[in-house]
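Each value in this text was obtained by applying a stated rule to the coordinates, not by laboratory testing. All figures in this text were calculated on a predicted structure; none of them were measured in a lab. Cβ placement follows ideal geometry from the backbone for every residue including glycine, while neighbour counts extend to all protein chains displayed.
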Amino acid sequence: MLDDFFVRALVAGIGGAAVAGPLGCFIVWRRMAYFGDTLAHAALLGVALSLLLELNTTMTVFGVSVTIALTMLGLRRTQTLSSDALLGLLSHSALALGLVCLAFMTWVRVDLTGLLFGDILAVSKTDILTIYAGGSAVLVFLWLIWRRLFAATVNPDLAAAEGMEPEKVNIVFMLLMAAVIAIAMKVVGVLLITALLIIPAASARRIAVGPEHMAVIASVIGAVAVVGGLQASLRLDTPAGPSIVVAGTILFLVSILPWPGLRSISGANERERKS
Amino acid sequence: MSEPLVRLQGAGVQSGGSWLVRGVDLSVSSGEIVTLIGPNGSGKSTTAKMALGILKPTEGSAHKRVRLKIGYVPQKLMIDWTMPLNVHRFMQLTARPSQTQIDKALERTGVGHLRKSEVRHLSGGQMQRVMLSRAIAMKPDLLVLDEPVQGVDYSGEIAIYDLIANIRKELGCGILMISHDLHVVMAATDQVVCLNGHVCCQGSPRDVSQSAAFKTLFGERAAGALAVYEHNHDHVHLPDGRVQHSDGSIHQNCCDHVHGSEPSSSDEEQRHVG
């Protein structure tokens, strides 16, 4: 079954989406989209480094993302720049540095488009194993810190006061994000990873009644986007990674239509307007 | 005398080269209500955060009893649109109270009907009540309340202060509270710590209200307000521990009970009068 490249793409994409869903919810809740972008751009630097030192790509990307994430955590404490400016600076510096490094390495042939926008149609069985093994590990760790991470997301002070150790779970969350980026890079490429994280989560918001519910729905929506995007890419001969993101965007637009069954938000807005 | 739940000793926090607050000595024991008062920016929240362990003191020390279960009601809690969170799930944020405990705690603050509401749709007063319910449902050893009646309507305010006094009796927990309402602070508090970047005065409500530093800090009007409150008493405690009643008679104690044996009973009596 996995001998068919299209089936491999589907399996890899669904695996990636399942992991991206719950993490994406936290990125949306914590307003960390830009942060995710920065980590994803840094992944390109990781690829360059892995080619230069002949290391395992996934592990090197993970290592570089972790380093950048922890650096940002440290810099945020000193607060010399606004975190928005800081992220913008790091994000684009990392991207540019990665591109320059890759250009220097004239001895390796690099598929730059594949790195930037993903090369899901070329995933191997080993890639699939990496996605599922790494993805399961990420989900297990996320499940273990879920309550504490969610409490820290609602209110860091409250979480700290009541023994939820927000500093510790924040670091674990950074590691998980770096891992997801290393995994999802295969599916959609460094420029579109944040989309795979955020769009399913945002689309799930209307339907979800609770945080855990939203995480599960985000995974399902992500998987639907992968299947839809890949089918469209096959029929219309469009690039696979961007097609998945476009499919996700369409699902998001559908989710914000005024559906009669989903009155919670419109009804709530009316109440807010009245008061 | 059992070990206090939290104790700050000469504690201070420095941020960006200036001191937010320094030289704070205070302790909260089981069954005791300690209230922090002071003008804006005087370091009340900073002091509470040191006691909670959220902020590490730059100087001095902060000690918590080991395995201390804390219930915290922060000053503000914003829930973003992106987060689906109803009151019921919010009640289980850091602990796992049973269904009955959740229902009971919500009933006690008068918001039982909001169990299924989205947290972000609550009004300021409702939110305050829900946050208090959440902290109570945890059955904490120490309850820390940062302006617990903010946005609560007037009659609700009295009910919530009554509830806080009852909780203290029922759970036997210590309470560290920040409040602006001087009347209520004076009525329902064992210890008052008045802050103004440092401890300006501290002691029993009566001692603090009569200190010159307090009058300087809060002005004559506050002193006047307290004076009005004082006049609501039907008795005066003399320095030697005896009590002079409004008719001029002097007794060993102020009512039928022995004064000081049960701290909350005098609080109740004072509130009935006021």
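Computed from the C-beta positions of B:E170 and B:Q75, the FRET efficiency with R₀ = 30 Å rounds to 0.75.
Hey, what's the per residue convex hull volume over the C-alpha atoms of the stretch A:5-274, in cubic angstrom?
On the way: hull volume 38.5 nm³, N = 270.
Here the figure is 143 Å³ per residue.
Averaged over A:209-216, how many beta carbons belonging to a partner chain fall within 10 Å of each residue's beta carbon? Walk me through the numbers on the way to the answer.
Details: counts 6, 6, 5, 2, 2, 4, 0, 0.
Shielding by partners across A:209-216 averages 3.
Averaged over peptide B:83-91, how many Cβ atoms belonging to another chain are found within 10 Å of each residue's Cβ?
Details: counts 12, 15, 8, 3, 0, 1, 7, 1, 0.
Per residue, the number of nearby Cβ atoms from other chains is 5 on average.
Straight-line cross-link partners of A:K125 among the lysines, defined as a Cα under 27 Å from its Cα and at least 8 positions apart when in the same chain: A:K186.
Report, in debye and to the nearest 20, how large the dipole of the stretch B:6-204 comes out about its Cα centre when Lys and Arg carry +1 and Asp and Glu carry -1 on their Cβ. Mind dumping the intermediate values first?
Numbers: 22 positive and 16 negative charges, 154 e Å.
With Lys and Arg at +1 and Asp and Glu at -1, about 740 debye.
What the Cβ-Cβ distance of A:E212 and B:S123 gives, at R0 = 30 Å and to the nearest 0.05, is a FRET efficiency of 0.70.
Rounded to the nearest 20 Debye, what is the dipole magnitude of the protein assembly as shown about its Cα centre when Lys and Arg each give +1 and Asp and Glu each give -1 at the C-beta? Each step should come with its number before you reach the end.
Details: 45 positive and 44 negative charges, 251 e Å.
I would put it at about 1200 debye.
What the Cβ-Cβ distance of A:A85 and A:V108 gives, at R0 = 30 Å and to the nearest 0.05, is a FRET efficiency of 0.30. Considering helices alone, the calculated mean residue ellipticity of chain A at 222 nm is -27500 deg cm²/dmol, with DSSP H runs of length four and up weighted by -39500 (n - 2.57) and normalised per residue. Under the simplified labelling scheme, the B:S2-B:H180 pair shows an inter-label distance of 3.5 nm, with each label point 7 Å from Cα along Cα→Cβ. Computed over chain A with a Gaussian network model linking Cα atoms closer than 10 Å, the most mobile of A:A223, A:A133, A:A42 is A:A133. Annotation for A:A133 and A:I250: the two label points, set 7 Å from Cα along the Cα-Cβ direction, are 3.6 nm apart.
Among A:I198, B:I33, rank each residue by its count of other Cβ atoms within 10 Å, from fewest to most, as a rough exposure measure. Write down the numbers at each step before the final one.
Values: A:I198 22, B:I33 25.
Placing the least packed residue first, the sequence is A:I198, B:I33.
Among the listed pairs A:K168/B:K139; A:K168/B:K116; B:K64/B:K169; B:K69/B:K215, those with a Cα-Cα distance over 29 Å are A:K168/B:K116; B:K69/B:K215. Between the exposed loop cleavage positions of chain A, defined as trypsin sites (Lys or Arg not before Pro) in a non-H, G, I, E, B DSSP state with at most 14 neighbouring beta-carbon atoms within 10 angstrom, the longest gap is A:110-275. Each of A:I145, B:I167, A:I171, A:I183 has some number of other Cβ atoms within 10 Å of its Cβ, and from fewest to most they run A:I171, A:I145, B:I167, A:I183.
Counting Lys and Arg as +1 and Asp and Glu as -1, each charge on the Cβ, what is the dipole of the stretch A:5-274 about the Cα centre in debye, to the nearest 20?
Working: 18 positive and 14 negative charges, 109 e Å.
Dipole of the stretch A:5-274, to the nearest 20 debye: 520 debye.
Let me confirm one metric for peptide A:158-168, namely the mean number of other chain beta-carbon atoms within 10 Å of its residues' beta-carbons.
For peptide A:158-168, the averaged partner shielding equals 6.
Which residue, chosen from B:H183, B:M83, B:H198, occupies the Cα position most advanced towards the positive end of the dipole of the stretch B:6-204, where the dipole is computed from +1 (Lys, Arg) and -1 (Asp, Glu) charges on Cβ about the Cα centre? It is B:M83, whose Cα lies furthest towards the positive end. Counting beta carbons within 10 Å around each of B:S30, A:S124, B:S15 and listing the fewest first gives the order B:S15, A:S124, B:S30. Here each label is just a point 7 Å from Cα along the line to Cβ, and for A:T126 and B:D153 those points are 7.0 nm apart. Extension gain, A:L52 to A:R235, is 62.1 nm, computed as 0.36 nm per intervening residue step minus the present C-alpha separation. Just in the stretch B:96-136: which trypsin sites (Lys or Arg not before Pro) are loop by DSSP and have at most 11 other Cβ atoms within 10 Å? Taking the stretch B:96-136 and a limit of 11 other Cβ atoms within 10 Å, the loop trypsin sites (Lys or Arg not before Pro) found are B:K116.
At q = 0.15, 0.17, 0.18 Å⁻¹, what log₁₀ I(q)/I(0) does a Debye calculation on the Cα points of the stretch B:6-204 give, no solvent, two decimals? Values returned for q = 0.15, 0.17, 0.18 Å⁻¹ are -0.91, -1.14, -1.25.
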